[in-house]
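Enquirer: Can you read through this structure? Questions will come right after.
Readers should treat all values here as calculations from the given coordinates under stated rules, not as data from a laboratory. Worth saying up front: this structure is predicted, and the values here are computed from it rather than measured. As a convention, Cβ positions derive from the backbone with ideal geometry for all residues, glycine included, and neighbour counts pool all protein chains shown.
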Amino acid sequence: MTPTEPSSSRPASRVERTTAGVRPTAGWRGADRSESFGEALLGEILDRAHDLPPDRIGPLVADVLGRLGGRRPQVLLQDYGQLLLAPLPGEGLMGGEPQPIDDSEAGRCFLDAQSLELAGNDGVRVHLPLLDGGDQVGVMSVTLDSVDGHDRRLLHRIAGLAADLLVTKHGYSDLFFGVRRRAPMSVAAEIQWALLPPLAMIMPRIAVAGILEPAYDVAGDSFDYALNGDVLHLAMIDAMGHGLDVATTATVAIGACRHARRAGIGLPEIYSFIDRAVAEQFGPEHFATAQMMRLDTTTGHLRWMNEMRLERGDRLLCFTDGLVGEHETGEEQFGEGQLIEWVNQMERTGRGIRAVARSLSHTLKRARGGHTTDDAPLLLVEWRG
């Protein structure tokens, strides 16, 4: 097709059609490329992100918020027990004590995954969730004299970039582990936490939220998931025993599961592959039980050893026996009946999947008298259609 010249009766187009597609015309070179205030703020983070040391994330966020007119900036990270939001240390950041998730303004922002603005004598305190792919890292807080639409847009984008930096730099340093750790952690628990995928994933068709309990002393129970195209792969592993040996068993089981999954084999074959890997490594003295599933996120078709179809909005709860087998001295086991009762109560609150998974785990622990002698992880999946 031969390009046509624009007529004098209408303004010149900024693009022209060619046999190769659409390309800018000379007029496009006259577009304004000057850096706006907002672009400069975000560009400061992007330009330095590549080689930014992990301990400089907090000071960089504080500096950028300061240029926006912000005061008393904080970056709060969720602890491993999902009970507290602990302040990240760093030049320019406000310190303070960890804030309870269930009873603080920042905690309210964290649970609802929504920004929160609270007017005070010194201005407006803004709390924003630090979200990365649906996984909630924590909360960013700052005080401004006033807040308008431009401020909200920039703060939202700064929080998004800060969350991405915290996730990508997490593996380079022990800094974030130290902030999130509020109690001594066993070696077995260290191994299990290193194995985990992100605790939450929120996508248009699917949502996942998990929790490890006891957070600082979990041994051999774990979970895994992966979203490959339209298919969500799920695995819940319960390695028998306690201590470091069982953590090693769980590591082999999860590693074998991922290896087989990535090879593209079917569910029955994955079971056989894991079985051989554990048997060859440990012999008959060690073993693990497992449940693996595949969910087609376009149709809701769920396949495990049996198949079923989910309805839009259905939630699937995966757990190991430690969640229902605990009991206080001389009392009956907690049991599935109480579990179902509490699940139904949580569902009626209408909270999001992250908040429900967290509240369910903590509620069950309180109902057991605060004792958890066996691993009690859970993984909650929501098919959104």
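Enquirer: Work out Dmax and Rg for the chain from the C-alpha atoms and quote the Rg first, both in angstrom.
Expert: Rg, Dmax (Cα atoms, Å): 25.0, 93.
Enquirer: Still on this structure: Using a cut-off of 11 Å between beta-carbons, work out the net charge of the residues near residue 226 (Lys and Arg +1, Asp and Glu -1, residue 226 not included).
Expert: Charge balance in the 11 Å sphere: +3.
Enquirer: FRET efficiency for residue 63 and residue 351, Cβ-Cβ distance as r, R0 = 35 Å, nearest 0.05?
Expert: For residue 63 and residue 351, the calculated efficiency is 0.50.
Enquirer: Still on this model: For the chain, set up a Gaussian network in which alpha carbons nearer than 10 Å are linked by springs, and say which option among 173, 36, 222 fluctuates the most.
Expert: Residue with maximal mean-square fluctuation among 173, 36, 222: 36.
Enquirer: Given bins 5 angstrom wide, list per bin the percent of all Cα-Cα distances in the range 30-163, short to long.
Expert: Binned Cα distances yield the sequence 2, 11, 20, 24, 21, 12, 6, 2, 1, 1, 0.
Enquirer: Turning to a different aspect of this structure: Please give the contour-minus-distance gain from residue 226 to residue 306: 0.36 nm per residue of separation, less the Cα-Cα distance, rounded to one decimal in nm.
Expert: Between residue 226 and residue 306, full extension yields an extra 26.8 nm.
Enquirer: Determine the relative contact order of the chain: mean sequence separation of Cα pairs under 8 Å and six or more apart, normalised by residue count, in whole percent.
Expert: Normalised by residue count, the contact order of the chain is 13 percent.
Enquirer: Further question on the same structure: For the range 31-137, which trypsin sites (Lys or Arg not before Pro) pass both filters: DSSP loop (anything but H, G, I, E, B) and at most 14 other C-beta atoms within 10 Å?
Expert: 33
Enquirer: Also: So if R0 is 35 Å, what FRET efficiency would residue 336 and residue 187 give, r being the distance between their Cβ atoms, rounded to the nearest 0.05?
Expert: After rounding, the FRET efficiency stands at 0.65.
Enquirer: Rounded to whole Hz and in sequence order, give me ³J(HN,Hα) for the range 57-71 from the Karplus expression 6.51 cos²θ - 1.76 cosθ + 1.60, θ = phi - 60°, writing x for Gly and Pro.
Expert: 4, x, x, 5, 4, 4, 5, 5, 5, x, 5, 7, x, x, 10
Enquirer: Name the GluC sites (Glu not before Pro) in the range 60-156 that are in a loop by DSSP and that have at most 14 other C-beta atoms within 10 Å, would you?
Expert: 91
Enquirer: For the range 71-89 and the range 246-302, write down the distance between their C-alpha centroids in whole Å.
Expert: After rounding, the separation between the Cα centres reads 35 Å.
Enquirer: Could I ask something else about it? Testing the spin-label approximation: label points 7 Å from Cα along Cα→Cβ at residue 366 and residue 262. State their distance in nm.
Expert: 4.1 nm
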